[in-house]
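Structure, as structure tokens:
Please treat every number below as a calculation from the coordinates, not as lab data. This one's a predicted model, so the numbers in the text were calculated from it and none came from an experiment. Positions of Cβ are backbone-derived with ideal geometry, glycine not excepted, and every protein chain shown enters the neighbour counts.
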Amino acid sequence: MIKREAYMSRIRPFIGKELIKALTGIRRSGKSVMLELIREELIENGVPASQFVSFNFEDMNNARFRTAEALHDEIGRRVAGIDGKAYLFFDEIQEVGDWEKCVNSLRVNFNCDIYITGSNAKLLSGELATCLAGRYVEFVIYPFSFAEFSELYSKPFPNTASRESFERYLLLGGMPYLGNLRYEEEPSRQYLQDVYNSVVLKDVVKRGKIRDVDLLERIIAYVFLNAGTTFSASAISKYFKSENRAVAAETILNYLTYCEEAFLFYRVPRQDLQGKKLLKVNEKYYVADHGIRESVFGGNMRDVNLILENIICLELLRRGYKITVGKAGVKEIDFICDKKGEKLYIQVSYLLASKDTIEREFGAYEHIRDNFPKYVVSMDKLDMSRNGIRHKGIEEFLLMPEW
């Protein structure tokens with residue numbers, strides 16, 4: 001288990017405070033481990049484990065507590081025996097009916113510090129917005145970054161070269177449990193296929209009450225195979241029409257929304273840099289873990305340029321950037337990134353192997369007149385920086401603590 005300090009540094013200021021800490025993200029991204037890391041930190045700071053109350057609602061032993069009333073009564077019974085503040089940990093809280101009412105009541109009635117996890121983005125919408133408005137803080141937990149992957153990968157394979165480690169990451173992705181499988185290819189693929197099936201069945205089909213599962217799987221396959229390319233629901237509808245299957249664009253959009261809510265995809269809008277406005281058509285979708293893409297659909301090495309772009313996108317989200325795709329005339333910038341008013345521009349390419357490629361990637365910035373950092377990221381080792389535009393190899397770029 002690694003410490004995941006990037007997340008802990010954000011969570012730490014809220015430990016012990018009355019705000020509810022909500023950890024969300026795709027299944028198996030490490031939310032339960034984050035709860036364990038928080039418990040460890042509390043113990044290191046002198047809080048006895050006897051003050052912890054923990055529930056994992058995917059555990060059948062806790063099935064009887066999956067209603068707000070039953071859970072509230074059980075917590076009340078347990079907290080009564082605690083001297084001092086109680087620390088409540090609820091894993092996969094969305095399995096509890098009307099959980100929002102229960103958590104709000106616990107917050108009001110007991111001296112407690114509450115931590116919840118959930119695998120659906122709608123966890124923090126709807127009734128919770130009124131029950132707990134302004135009383136929670138959310139942390140999205142993503143699969144391992146390359147830095148985290150490298151840290152864990154180096155334990156069974158010390159002295160591994162950065163390029164070798166990155167090539168493994170390129171193939172298998174960042175799901176934390178793969179470390180327990182020693183990153184062996186076949187067991188890892190089987191595990192990732194099971195993760196995919198679990199997300200689709202539990203978090204998309206079940207929660208979206210989807211009847212046409214075959215259509216859903218076809219839409220998911222289309223997005224996975226076209227990750228990082230611009231398309232719209234209408235484009236997918238036309239694609240299905242070419243295969244003699246009529247599907248309304250609205251239905252496709254609904255299915256894509258369910259997948260976003262399950263953290264299977266992340267949607268990135270396009271921005272017109274000249275008109276200074278967001279464009280409503282031809283957005284991009286990126287997948288939560290490129291290892292799942294390889295295990296279920298294959299083709300990561302064939303589509304390596306798209307996978308590199310996907311890796312950069314997830315790293316930007318991990319670091320707290322708001323991102324859009326930039327359009328300036330006929331040219332496109334892969335990522336325009338903003339964090340508290342500080343901007344960053346990134347172009348991603350597999351290799352700068354020809355003069356035309358170099359001109360295209362560096363030339364994308366010719367209409368950008370501000371002085372914010374501009375990067376071209378590729379798998380090249382040689383530094384090709386020019387005209388104030390920085391060129392970085394992708395491994396170095398991903399491991400840089402600050403951009």
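Using Cα-Cα distances under 8 Å and only pairs 6 or more residues apart, what relative contact order does the chain have, in percent?
14 percent
Can you tell me how much longer the chain between Lys339 and Glu402 gets when fully stretched, taken as 0.36 nm per residue apart minus their C-alpha distance, in nm with one decimal?
Working it through step by step, the gained length comes to 21.4 nm.
So what are the ³J(HN,Hα) numbers for region 326-339, from phi and the Karplus equation (6.51, -1.76, 1.60; θ = phi - 60°), rounded to whole Hz, Gly and Pro as x?
Per residue, the Karplus-derived 3J(HN,Hα) values read x, 10, 10, x, 8, 9, 10, 9, 4, 9, 9, 10, 9, 9 Hz.
Short version: ³J(HN,Hα) in whole Hz for each residue of region 286-293, in order, from phi by Karplus 6.51 cos²θ - 1.76 cosθ + 1.60 (θ = phi - 60°), x for Gly and Pro, what are they?
10, 8, 5, 8, 6, x, 4, 4
Given the peptides 24-35, 311-322, 211-222, arrange them by the average over their residues of other C-beta atoms within 10 Å, most packed first.
24-35, 311-322, 211-222
How would region 1-104 be classified by its alpha-carbon gyration tensor: rounded, prolate or oblate, with rounded meaning a/c under 1.5 and the a/b versus b/c comparison settling the rest?
oblate
Which order do peptides 337-347, 365-375, 249-259 fall in by mean Cβ count within 10 Å, highest first?
Ranked by mean Cβ neighbours within 10 Å, highest first: 249-259, 337-347, 365-375.
At a Förster radius of 35 Å, what calculated FRET efficiency corresponds to the Cβ-Cβ distance of Leu253 and Asn45, to the nearest 0.05?
Rounded to the nearest 0.05, the efficiency is 0.15.
Order these peptides, 141-149, 201-209, by their mean beta-carbon neighbour count within 10 angstrom, highest first.
Per-residue Cβ counts within 10 Å, averaged per peptide and sorted highest first, yield 141-149, 201-209.
Ignoring everything except DSSP H segments at least 4 long, calculate the 222 nm mean residue ellipticity for the chain; use -39,500 (n - 2.57) per segment, divide by total residues, nearest 500.
-11500 deg cm²/dmol
Any idea what the relative contact order of region 1-155 is, in percent, if you count C-alpha pairs under 8 Å spaced at least 6 apart?
38 percent
Working out 0.36 nm times the residue gap between Thr357 and Glu186, then minus their Cα-Cα distance, what length gain in nm do you get to one decimal?
58.0 nm
Hey, what did region 289-403 get for relative contact order, percent, Cα under 8 Å, at least 6 apart?
17 percent
What length, rounded to one decimal in nm, is gained on full extension from Phe14 through to Arg369, with 0.36 nm per residue of separation minus their alpha-carbon distance?
123.9 nm
Students often get this wrong: which residues of region 155-174 have the backbone nitrogen under 17 Å from the point 7 angstrom along Cα-to-C-beta of Lys381?
So the set is 160-168.
Quick check: pseudo-label points 7 Å beyond the Cα along Cα→Cβ at Asp272 and Arg319, how many nm apart are they?
Taking the two extended label points, one gets 3.0 nm.
List the residues of region 361-403 whose backbone N lies under 19 Å from a point placed 7 Å from the Cα of Ser154 along the Cα-to-Cβ direction.
Counting backbone N atoms under 19 Å from the label point, the list is 393-402.
Quick one: dipole size for the chain, taken about the Cα centre, charges +1 on Lys/Arg Cβ and -1 on Asp/Glu Cβ, in debye to the nearest 20.
960 debye
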